[in-house]
Amino acid sequence: ILNIISQIENEGLDIVLPSLINRWFTDKFINNNQDIIDKRFKQVQSTPLKTFLNVFRIYALTEMRSWLNEITVPCLVMTGENDLGCNPNINKKIAEVIPNSKLEILDNLKHAITSEAPKLVGSRINQFLNNQKNYSTPY
């Protein structure tokens with residue numbers, strides 16, 4: 001992630017953005033959904049660069065392991081099988097630390113799982129929530 005930040009700072013966002021799109025979406029989705037890809041390009045380009053880079057910095061530099069175990073409500077941890085940024089190994093570690101968590105790794109997907117497979121993601125969320133019907137919050 002820090003390399004991506006450096007690359008954007010040195011080469012510019014417009015040069016790096018196509019590689020980010022390839023990290024976020026599968027080739028099949030990119031080829032069949034140009035309108036969504038164009039919309040994502042515009043969304044990123046309209047975000048102030050400082051804000052965009054700060055999101056990457058927060059992700060790269062924030063240590064969560066020390067407090068994840070404090071989460072007491074059931075959690076669904078989900079990622080794409082081929083997500084390079086928030087990859088399955090990171091998500092496995094997250095799920096191992098959070099009590100009452102369930103890990104879902106979605107086959108053949110990358111980072112943008114909600115854009116690329118909204119029905120699948122929604123289905124997994126519904127399944128998870130339905131399994132929590134007997135859970136009551138400690139509050």
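The values are calculated or read from the model by the stated rules, or taken from the named source; none is laboratory data. Every value quoted in this text rests on a predicted model; they were computed, and no experiment measured them. Virtual Cβ from ideal backbone geometry, glycine too; neighbours counted across all protein chains shown. What goes into the accessible areas is simple: the full protein's heavy atoms, side chains included, and nothing from ligands, DNA or RNA. Shrake-Rupley method; radii C 1.70, N 1.55, O 1.52, S 1.80 Å.
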Helix-only mean residue ellipticity at 222 nm, the chain, DSSP H runs n ≥ 4 weighted -39,500 (n - 2.57), per residue, nearest 500. What is it? -17500 deg cm²/dmol
The FRET efficiency for T114 and N10, from their Cβ-Cβ distance with R0 = 22 Å and rounded to 0.05, is 0.10
Select from N89, N32, N69 the residue whose mean-square fluctuation is largest in a Gaussian network model of the chain (Cα-Cα springs shorter than 10 Å). N32
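About its Cα centre, what dipole magnitude does the chain give when the only charges are +1 on Lys and Arg Cβ and -1 on Asp and Glu Cβ, stated in debye to the nearest 20? Provide the component values of the computation, followed by the final result.
Numbers: 15 positive and 14 negative charges, 69 e Å.
My answer is approximately 340 debye.
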Taking every other residue with Cβ under 12 Å from the Cβ of K50 and scoring Lys and Arg +1, Asp and Glu -1, one gets 0
Would you mind checking the tilt of helix 118-130 against the longest principal axis of the Cα atoms of the chain, expressed as 0 to 90 degrees and rounded to 10? 20
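Could you give the length gained on full extension between T47 and N126, defined as 0.36 nm per residue of separation minus the Cα-Cα distance, in nm? Let's see the in-between values first.
On the way: separation 79, 0.36 × 79 = 28.44 nm, distance 3.16 nm.
Difference between extended and current length: 25.3 nm.
Any idea of the accessible area per residue across the chain, 1.4 Å probe, to the nearest Å²? Walk me through the numbers on the way to the answer.
Details: 9050 Å² over 139 residues.
Computed with neighbouring chains in place, this is 65 Å² per residue.
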With springs connecting C-alpha atoms under 10 Å apart, model the chain as a Gaussian network and identify which of K102, K110, K28 has the largest mean-square fluctuation. K28
Alpha-carbon centroids, region 105-125 and region 31-70: separation in whole Å: 17
With the chain treated as a Gaussian network of Cα nodes joined by springs under 10 Å, which of I58, I98, I21 yields the largest mean-square fluctuation? I58
For helix 34-46, report the angle its Cα long axis makes with the longest principal axis of the Cα atoms of the chain; keep it between 0 and 90° and round to the nearest 10°. 80
Summarise the accessible area of the chain (1.4 Å probe, protein heavy atoms) by the percent that is carbon and sulfur. 51
Leading residue at positive end of dipole, the chain (Cβ point charges), from N126, G12, T51: N126
